[in-house]
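The values are calculated or read from the model by the stated rules, or taken from the named source; none is laboratory data. It should be emphasised that the depicted structure is a prediction, and the values quoted were computed from it without experimental measurement. Cβ: placed from backbone, ideal geometry, glycine included. Neighbour counts: every protein chain shown.
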Amino acid sequence: MDWGILEFLEWPIIASLVIAGIHAYLGLHVVERGVIFVDLSLAQIASLGATLAILIPAFGGDPHGPAVYWISLVFTFIGALLFSMIRSRHARIPQEAIIGIAYAVAAATSILAMSKATGETEHLKEMLVGNILSVSWGELAKTAGLFALVGLFHFVLRKKFLLISLDEPEAERRGLSIRLWDFLFYGSFGLVVTLAVPIAGVLLVFSYLIVPAVSAMLFSQKLGVRLAIGWAMGAITSAIGVYLSYLWDLPTGATIVTTLGAGLVILAGVRVLARRLA
């Protein structure tokens, strides 16, 4: 083992662990709610906001400027408000359909906007693939700090969030405002996405959200156990993916996604084998 390689990969590995940690928890909510593609949709809406901000001359066209981040966040909150307003157990149109439409429209609008800013086409690519190998200590510290605040927010309000995700009829019976709590959930979720996508990219963030959560659900119904399994699975496969991407000179995000998928297949095989031996 070349310790020089590990030193070079130190911050990318830590970044992947930080992102995997918060997404392992949020993913459990998303899977239980049946809104699998909300992460992709919110990420694309955030990308649209950032793209439009680049096109505004007053902001200087800097893809990494503070105005781009804040406008991206505002668009994310608008998406969170939309998704919270359309949720209903008796709706004729499934919420997932609206989420998919929002994703497609935001993606198409981003492409149209970028076509008018040919000098900034690399920004769209960065939003898709991220730059996890070049993440800095300062960027990672800011992201981890804000993730910790979101985690604290969810910990304090965990009972209401979990009740709505796991038993919506009971939440309504207790008089909870489903739309208000949905907005709080999607808004905090959108904040996480807005911070994670520039580092890891849309595809990897989506994989962090879904794959560890599904892996954990194979083995337990208890939230604490699921969180432990999901985070451990995400952490181990992420570290392996980052190392393999460097060793074989492969795109980092795609390599981590592949190792996450391979990890899910292995865990599913272990689950089947355990059931047959039981």
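For the range 197-214, does any single residue satisfy the condition of being over 12 Å from the mean Cα position of the chain (by Cα) and among the aromatic types (Phe, Trp, Tyr)?
No, the range 197-214 has no match at all.
Looking at the range 246-266, can you tell me whether even one residue there is surrounded by 18 or more Cβ atoms within 10 Å (Cβ to Cβ), charged (D, E, K, R) and over 17 Å from the mean Cα position of the chain (by Cα)?
There is no residue in the range 246-266 that is surrounded by 18 or more Cβ atoms within 10 Å (Cβ to Cβ), charged (D, E, K, R) and over 17 Å from the mean Cα position of the chain (by Cα).
Which residue out of VAL211, VAL202 is modelled with pLDDT of 85 or more and either surrounded by 16 or more Cβ atoms within 10 Å (Cβ to Cβ) or in contact with a Ser or Thr (Cβ under 7 Å, 6 or more places away or on another chain) (or both)? Break it down into steps so the answer makes sense when it comes.
Details: VAL202 fails: modelled with pLDDT of 85 or more.
Result: VAL211 is the single residue among VAL211, VAL202 that is modelled with pLDDT of 85 or more and either surrounded by 16 or more Cβ atoms within 10 Å (Cβ to Cβ) or in contact with a Ser or Thr (Cβ under 7 Å, 6 or more places away or on another chain) (or both).
Taking into account only those residues within the range 173-190 that are without any contact (Cβ under 8 Å) to a residue 12 or more places away in the chain and either crowded, with 18+ Cβ neighbours inside 10 Å or not polar (S, T, N, Q) (or both), which is farthest from VAL150 (Cα to Cα)? Talk me through it step by step, then tell me what you get.
Let us first name the residues in the range 173-190 that are without any contact (Cβ under 8 Å) to a residue 12 or more places away in the chain, namely 173-175, 177.
Then keep just the ones that are either crowded, with 18+ Cβ neighbours inside 10 Å or not polar (S, T, N, Q) (or both); that gives 173-175.
Numbers: ARG173: 27, ARG174: 25, GLY175: 25 Å.
Only one residue fits best here, namely ARG173.
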